[in-house]
C-alpha cells in the first residue's frame with residue numbers, strides 16, 4: 001500500500017506537469033487540480049500504510 | 001532572476017556578504033530551538049548532531065551539490081517537451097571548479113548555498129530527535145545536500161523548469177521563491193516527515209490505544225532564545241535571497257526585514273491566541289513553532305508584498321502550525337519533537353502559495369521585457385505546480401533515499417540507547433552531568449519482549 005501511495009504521488013506530479021505542458025486555459029487548471037487530487041490520494045495511502053504498520057508493531 | 005553577466009555594485013556585494021554571514025544565525029537558532037525541545041538526556045547529542053549535519057551539508061554541497069544546482073545562465077541538462085526546453089539539472093564541474101571567486105553573483109550564490117543547505121539539513125533533526133543515530137543523520141544529510149536539495153534548488157533558483165514556467169508557458173513570472181520557503185523549508189520539512197516515518201515514534205509516546213503522551217522539551221527558555229536567534233538569520237537569509245534570486249536592490253532589504261519580522265510576529269501571537277483558546281493557556285513550545293512557521297512562510301514572498309499582507313501571511317501561518325502539529329501527532333501518529341514538519345514544511349507550503357496569492361511583482365526578475373509586463377494571472381498556478389512537484393516528487397525521492405539508507409545503515413538507535421539517553425549512549429557523556437534531571441535515566445533498562 002505504501003508503494004502504491006508513493007506511485008500515486010509521482011503520478012499526480014506527472015499529471016500536473018503534463019497539464020502545464022500540453023494544455024491551456026481552464027483545461028490546464030482543471031488537470032492541475034486533478035493531479036493534486038491524485039497526489040492527495042497517494043498521501044492518504046502512505047499515511048494509512050504507516051498507521052497500519054505501527055498498529056502491527058504495537 | 002539576475003542574468004550571470006550582471007555584476008553587483010561593490011556596496012551591494014559587501015552588503016550581500018554580510019547578510020550571508022548573518023544567515024548562520026538562522027542555523028544556530030534552529031539548532032538551539034531543537035535542543036531546547038528535546039529531552040535533557042539528548043541535549044548534547046542534538047547540539048553535536050546539529051554541528052555535524054551543518055558541516056556535512058557544507059562539504060557535500062561543495063563536492064557535488066553546486067554541480068547539480070548551478071545558476072541561471074550557466075550550463076545545464078535540458079530535455080525538450082512539447083517544443084519547450086525543460087532544464088532539470090545543472091552541468092557544473094564538481095568542487096566549485098567553475099566559479100571565479102571575484103565577488104560575482106555566482107560566487108555569492110555559492111557562499112549563500114553553503115549556509116542555506118545546512119539550514120535545510122538541520123530541519124529533519126527536529127523530527128528525528130531523541131532517537132536518530134548520529135552516523136545515520138550525517139549520511140542522510142549527505143543525500144539531502146548532495147542530491148535532493150540541489151535538484152529542487154536548480155528548478156527554482158538555477159534557471160530550471162519551474163523558474164521558466166513564465167517564459168515557456170506564460171504562468172506569471174514562473175515559480176518565485178526569494179528566500180527559500182520551498183527549496184529550504186519545504187524540502188527540509190518533507191525530509192523531516194520521511195525521517196519521522198522511517199524512525200517511528202519514540203518509546204512511550206503512544207499508548208496501546210494510540211493516544212499520544214506529552215513529552216515536553218527540557219528547556220523552553222533555550223527554545224525561545226533559538227527563535228530570536230533565528231529571526232536575525234532569517235532577515236539576512238530573506239534579504240540575501242531577494243538580492244540574489246529576485247533581483248532586488250539593496251535598498252529593498254528594509255522592506256524584506258520589516259516583512260520578515262511582521263510575519264513572524266503575526267504568526268507567534270496568533271499561535272499564542274489559538275492555543276490559549278483551545279488549551280486554556282498559551283503553549284510555549286507551540287508559540288515557538290508558530291514563530292518558526294511565520295519565518296518559514298515569510299521567505300517566498302518577502303520582497304514582493306506589502307507589510308499588511310506580510311502580517312496576513314503570518315496570521316494564517318500562526319493558525320496553521322498548531323493545528324498541523326495536532327493533526328500529525330494525534331491523527332497521523334507522527335512523532336515530531338521539534339515540530340519541524342508543521343513549522344517548516346506546512347508553513348513553507350503556505351508561504352509558497354501566499355506568494356502566488358499576494359505577490360505584487362514589480363521587480364526586474366526576468367530579463368524578458370514581455371514577461372515582465374505580464375499580469376499575475378498565472379502566478380498562482382505556477383506556485384501550485386511548484387507545490388505539486390514538492391509533494392509529488394521530492395517527498396517520494398527523499399523517502400526512497402532514506403528508506404534505502406535505513407536498509408544499509410539502521411537510522412534508529414537501539415531501545416536501550418533511547419532509554420539511557422542519546423547523550424550517554426552515543427557520546428558517552430551528558431549535557432548536564434552535575435544534575436540528575438530525570439529519575440528514569442537510572443531505572444532498569446526494559447527489553448522489547
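Only the coordinates and a few stated rules stand behind these numbers; no lab work does. Since the structure is predicted, the reported quantities are computational estimates derived from the model, not experimental observations. Positions of Cβ are generated from backbone atoms using ideal geometry, with glycine treated the same way; all protein chains shown enter the neighbour counts.
Residue B:308 label point, 7 Å along Cα→Cβ, cut-off 18 Å on backbone N: hits in segment B:256-283? Once the point is set 7 Å along Cα→Cβ of residue B:308, B:256, B:258-260, B:262-263, B:266 turn out to lie under 18 Å by backbone N, inside segment B:256-283. The separation of segment B:278-335 from segment B:120-189, counted between C-alpha centres, amounts to 20 Å.
As a rough footprinting exposure proxy, the listed residues B:191, B:263, B:38, B:55 were ranked by other beta carbons within 10 Å of their own, and the order from fewest upward is B:55, B:38, B:191, B:263. Relative to the longest principal axis of the Cα atoms of chain B, the long axis of helix B:24-36 lies at roughly 20 degrees.
Volume per residue for segment B:2-106 equals 141 cubic angstrom (convex hull of Cα atoms).
Over the Cα atoms of segment B:384-434, Rg to Rh with Kirkwood Rh, two decimal places? Intermediate values should be presented prior to the final figure.
Working: Rg = 17.5 Å, Rh = 13.7 Å.
Dividing the radius of gyration by the Kirkwood radius yields 1.27.
Distance from the C-alpha centroid of chain A to that of segment B:26-70: 31 Å, rounded to the whole angstrom. Across A:15, A:47, A:38, mean-square fluctuation computed from a Gaussian network of chain A (C-alpha pairs under 10 Å connected) peaks at A:47.
Helical runs assigned H by DSSP (4 residues or longer) give chain B a calculated mean residue ellipticity at 222 nm of -17500 deg cm²/dmol, each run adding -39500 (n - 2.57) before division by the residue total. Consider all pairwise Cα distances in segment B:42-87 and report the whole-number % of them above 14 Å. Considering segment B:42-87, 66 percent of its Cα-Cα pairs are separated by more than 14 Å. The three principal axes of the Cα atoms in chain B give end-to-end lengths of 70, 47, 42 Å, sorted in falling order. To the nearest ten degrees, helix B:10-22 and the longest principal axis of the Cα atoms of chain B are 10 degrees apart. Angle of helix B:347-358 to the longest C-alpha principal axis of chain B, folded into 0 to 90 degrees and rounded to 10: 30°.
One chain, two ends: residue B:326 and residue B:59. Fully extended at 0.36 nm per residue, the span grows by 92.5 nm beyond their Cα-Cα distance.
One quarter of the convex hull surface, Cα atoms only: what value does that give for the protein assembly as shown in nm²?
Values: hull surface 90.3 nm².
The orientation-averaged projected area of the Cα hull of the protein assembly as shown comes to 22.6 nm².
Ordering B:81, B:435 from the fewest to the most neighbouring beta carbons within 10 Å gives B:435, B:81. The mean sequence separation of alpha-carbon pairs under 8 Å and at least six residues apart, normalised by the residue count of chain B, gives a relative contact order of 24 percent. Per residue of B:382-388, other chain Cβ atoms within 10 Å of the residue Cβ number 5 on average. Take each residue in A:29-41, count the other chain C-beta atoms within 10 Å of its C-beta, and the mean is 2.
Starting from 0.36 nm per residue, how many nanometres of slack lie between residue B:95 and residue B:220 once their C-alpha separation is accounted for? Kindly include the intermediate steps, with their values, before the conclusion.
Details: separation 125, 0.36 × 125 = 45.00 nm, distance 4.03 nm.
That works out to 41.0 nm of additional length.
Each of B:258, B:319 was scored by other Cβ atoms within 10 Å of its Cβ. Listed from fewest to most, they are B:258, B:319.
Using r as the Cβ-Cβ distance of residue B:11 and residue B:84, and R0 as 41 Å, what FRET efficiency do you calculate, to the nearest 0.05? Don't skip to the end; give the middle numbers.
Working: r = 38 Å, r/R0 = 0.94.
That pair, residue B:11 with residue B:84, gives E of 0.60.
Set the Förster radius R0 to 41 Å, insert the Cβ-Cβ distance between residue B:135 and residue A:41 as r into 1/(1 + (r/R0)^6), and round the FRET efficiency to 0.05. Walk me through the numbers on the way to the answer.
Working: r = 36 Å, r/R0 = 0.88.
Approximately 0.70, to the nearest 0.05.
Comparing mean-square fluctuations of B:264, B:44, B:297 from a GNM of chain B with C-alpha springs under 10 Å, the top value falls on B:44. Peptide A:19-26 is shielded by partner chain Cβ atoms: per residue, an average of 4 of them sit within 10 Å of its Cβ.
Seen from all directions on average, segment B:157-261 presents a Cα convex hull projection of 10.2 nm².
A Förster radius of 51 Å, combined with the Cβ-Cβ distance separating residue B:414 from residue A:27, puts the computed FRET efficiency at roughly 0.40.
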